[in-house]
Amino acid sequence: MADHFSGPRILFDPASDIADVFAFPSPDRPGRLVLALNVFPAAAPTALFSDALTYRFRIRPVAPATERPSFAVGDTEYDLDFTFAAPELVQDSDRPVQTGVCTAPNGTQILFQVGDETPTETNGLQIFAGPRLDPFFINLAGVLATDAREKLAFQPDADNVLEGMNVLSIVVEVDTETVFGPDSGPMFGVVCETVVSGGRPVRLERMGRPEIKNVVLASKKFDPVNGDLEIRDLYNEEDAFAVRPDYAGAYRARFDANLAFFDRLDGETVWPLDERDAHR
């Protein structure tokens, strides 16, 4: 799930920019859930995590539902908060060392070192934090040409503009029975956030589904209601599990307009808007 550079505010604070979120059952250890959060797109080799932010995984149990939406999200929440100290120079090292703390749902704090290739494992958690190659591919030229021409304009010899670039990654493998409790699963909804630490905990960035902000919310030109509104910073501030009704109409108008645009890119409209100009 990718979401690079997803709003004006994030461009001024790249350490808070969520690039990717992954969640999947551990392929090696049954009963464990793997969570990965990538931040700081195009990170330099010397980049480190911000000591002014909390990098947060929010996990809630979900269950199948008989009506839309297809899953019912539970009220119980399990948070994994990651905070980082300011980097320090240590003896016999020419690079600063940064330590981090993972706070588990029960308040237990686990100390680890950024860049240590041997994961820290204790209390049902296995943790790694450090630089990794950005896994995302984007043919930016094709995206821009498609938007400008309003028809598909991707070419087979595309270049990946993120080729060779790094992100900062937080990976945690969770023994769900130990960390969340024996009755917590088996399915979960996962949202990641970057939040200002201390004082008023302002949410700077959040991500659940992929590319909602850059793909579905970014373009203004098809939106007849909010054509002059940069909506992504507002959307980033929302609680993904409880979106405020105040701006729901603005989000919905942008979704309807841009989903209709994507539907007609191949020259055929498969999902026409209804009588209220709402996308199905």
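Here is how the numbers come out for the structure above:
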read-out	value
The range 28-95: relative contact order as a whole-number percent, Cα under 8 Å and 6+ apart	30
Extension reserve of the Thr178-Ser197 stretch, reckoned as 0.36 nm per residue once the Cα distance is removed	4.1 nm
Ranked Arg206, Arg95, Arg276, criterion: other C-beta atoms within 10 Å, fewest first	Arg276, Arg95, Arg206
Mean residue ellipticity (222 nm) of the chain, computed from DSSP H runs ≥ 4 via -39,500 (n - 2.57), nearest 500	-4000 deg cm²/dmol
FRET efficiency, Asp157 to Thr108 (Cβ-Cβ, R0 41 Å, nearest 0.05)	0.20
Full-extension gain in nm, Glu117 to Phe262, via 0.36 nm per residue minus C-alpha separation	48.0 nm
Neighbourhood charge, 14 Å Cβ-Cβ cut-off, centred on Asp266 and excluding it, Lys, Arg +1 and Asp, Glu -1	0
Relative contact order (%) - criterion: Cα under 8 Å, at least six apart; region: the range 8-208	27
Alpha-carbon gyration tensor eigenvalues x 5, square-rooted, for the chain, Å	34, 24, 18
Gap separating the Cα centres of the range 1-16 and the range 196-238, nearest whole Å	10
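Rule-based calculations on the coordinates, nothing more; no lab input. Given the structure is predicted, the values throughout are model-derived calculations rather than measurements. For neighbour counting, all protein chains shown are included, and Cβ atoms are generated from backbone atoms with ideal geometry for every residue, glycine included.
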